[in-house]
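Here's the structure, in structure tokens; my notes come after.
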Amino acid sequence: MNSSFLRTISVKTDSRKQFVDISDFVQAEVTNSGVRSGICLLFLPHTTAGLTLNENWDPCVSSDILLTLDRQTAPPHPEHRHQEGNSPAHIQSSLVGATLFLIIEDGQILLGPWQGIFLTEFDGPRERHVTIKIMAG
Amino acid sequence: MNSSFLRTISVKTDSRKQFVDISDFVQAEVTNSGVRSGICLLFLPHTTAGLTLNENWDPCVSSDILLTLDRQTAPPHPEHRHQEGNSPAHIQSSLVGATLFLIIEDGQILLGPWQGIFLTEFDGPRERHVTIKIMAG
Amino acid sequence: MNSSFLRTISVKTDSRKQFVDISDFVQAEVTNSGVRSGICLLFLPHTTAGLTLNENWDPCVSSDILLTLDRQTAPPHPEHRHQEGNSPAHIQSSLVGATLFLIIEDGQILLGPWQGIFLTEFDGPRERHVTIKIMAG
């Protein structure tokens with residue numbers, strides 16, 4: 001076991017707006033790392049997607065979140081000047097955040113009973129990358 | 001002093017929407033840990049609450065934040081499909097975030113002069129848990 | 001090289017609402033620290049500003065984000081009770097967040113090709129401080 005472990009995983013999204021549950025992929029890397037106690041840091045090198053924790057039991061929760069985010073921040077406002085037309089996705093990325101940390105104990109990521117780790121796609125479909133750093137401690 | 005320290009504290013909320021200042025409880029665990037320099041990681045195993053830093057001097061700040069969050073994301077929209085009816089609380093949790101880290105120096109959490117650490121209840125009253133991991137470094 | 005490194009940098013904002021790209025300042029401190037692999041933790045001791053990752057190529061992205069945030073959360077609502085009148089800035093601070101972590105590999109902060117680190121001013125102009133902690137690991 002090294003004290004640090006770095007991997008990048010790919011996640012293919014297939015809709016314009018989507019929550020993708022990546023909990024199992026992240027836990028698999030924690031297991032690969034051999035770290036029993038420490039932290040797991042997730043980072044997206046993207047500016048129109050996010051990372052968040054939320055309910056993974058009822059898929060309606062994530063669709064309701066996306067619906068409300070779009071009602072608040074989309075469509076692009078007439079005064080928006082970014083020519084690509086995806087300013088709402090950039091806004092949603094900064095609101096949800098492109099980083100997330102997790103606590104590792106006994107080799108497992110701590111999560112609540114109905115809680116999952118989601119990549120939130122706001123401007124898909126695309127191939128996204130998630131960088132995962134695992135530190136013992 | 002170990003290099004890592006993990007505790008869970010309970011926080012009882014008594015309203016549907018509420019900011020609870022947990023700064024003193026978090027500092028107490030940092031003091032218990034004996035860590036003089038390091039980081040303090042807070043995690044909520046819940047999906048309808050959050051963790052945030054904001055002003056702790058004028059309590060009107062937190063009530064104004066809750067009022068505006070509700071004006072933007074509540075009540076549930078007619079198209080919401082999550083049957084529990086608390087989708088706004090899930091949305092607010094992802095906007096504010098269920099994790100928060102703090103820097104420890106000289107045994108103290110770094111905070112601005114009017115800054116406190118808040119658990120933000122969006123679907124109370126409930127008993128909430130905050131997991132606190134403290135790492136030296 | 002120590003295992004921990006703490007610095008505070010000053011950032012002068014010159015508008016009421018502004019994104020300031022601080023990527024180069026943060027990278028300079030990472031270089032100063034001598035840390036090749038680790039994490040960089042940013043913290044604002046302020047409650048009316050934020051820290052976020054977003055596109056740094058087209059400046060219209062950040063102005064569009066500020067415009068939309070203001071349309072959603074400003075001006076102060078008649079029911080707001082905080083007398084300073086800057087409740088929207090406090091709300092925006094909790095939505096964007098006053099902390100941000102970054103991953104360091106080969107002495108460089110990991111960032112996507114069009115991604116920058118921004119201090120987001122919501123109640124300027126002011127002199128702001130960013131505390132930067134760098135840990136090897």
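The values are calculated or read from the model by the stated rules, or taken from the named source; none is laboratory data. Keep in mind that this is a model prediction, so the values were computed, not measured. All Cβ positions, even for glycine, are placed from backbone atoms using ideal geometry, and neighbour counts span all protein chains on display. In case anyone asks, the SASA skips ligands and DNA or RNA and just uses the protein heavy atoms, side chains included. Shrake-Rupley method; radii C 1.70, N 1.55, O 1.52, S 1.80 Å.
Some values worked out for this structure:
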| quantity | calculated |
| --- | --- |
| Chain C, dipole about Cα centre (Lys/Arg Cβ +1, Asp/Glu Cβ -1), debye to the nearest 20 | 360 debye |
| Residues of type aspartates and glutamates that A:Lys12 reaches as a straight line, Cα spacing below 14 Å, ignoring anything fewer than 8 places off in the same chain | A:Asp21, A:Glu121, A:Asp123, A:Glu127 |
| B versus C: buried accessible surface, summed, Å² (probe 1.4 Å, to nearest 100) | 2600 Å² |
| Set of aspartates and glutamates near C:Lys133 by C-alpha distance (under 13 Å), chain-local residues within fewer than 8 positions excluded | B:Glu105, C:Glu29 |
| In the stretch C:72-137, GluC sites (Glu not before Pro) in a DSSP loop with at most 13 other beta-carbon atoms within 10 Å | C:Glu79 |
| Chain B - percent of accessible surface contributed by carbon and sulfur, probe 1.4 Å | 49 percent |
| Residues in the stretch B:42-62 that, when all protein chains are in place, have 10 Å² or more less accessible area than the chain alone would give (probe 1.4 Å) | B:Phe43, B:Pro45, B:Thr47, B:Thr52, B:Leu53, B:Asn54, B:Glu55, B:Asp58, B:Cys60, B:Val61 |
| For the protein assembly as shown, Kirkwood radius (reciprocal of mean inverse C-alpha pair distance, Å) | 21.1 Å |
| Position C:His129, label points 7 Å along Cα→Cβ, spacing to each other copy in nm (shortest first, one decimal) | 3.7, 3.7 |
| Spacing of the two label points (7 Å from each Cα toward its C-beta) at B:Ala28 and B:Arg7, in nm | 0.7 nm |
| Sequence-separation-based contact order of the stretch A:1-101, relative, with Cα cut under 8 Å and 6+ spacing, percent | 37 percent |
| Alpha-carbon gyration tensor eigenvalues x 5, square-rooted, for the stretch C:70-137, Å | 32, 13, 10 |
| Binned Cα-Cα distance frequencies in chain A - 5 Å width, integer % | 2, 10, 20, 21, 18, 13, 8, 5, 2, 1, 0 |
| Size of electric dipole in the protein assembly as shown: Cβ of Lys, Arg +1 and of Asp, Glu -1, about Cα centre, debye, nearest 20 | 460 debye |
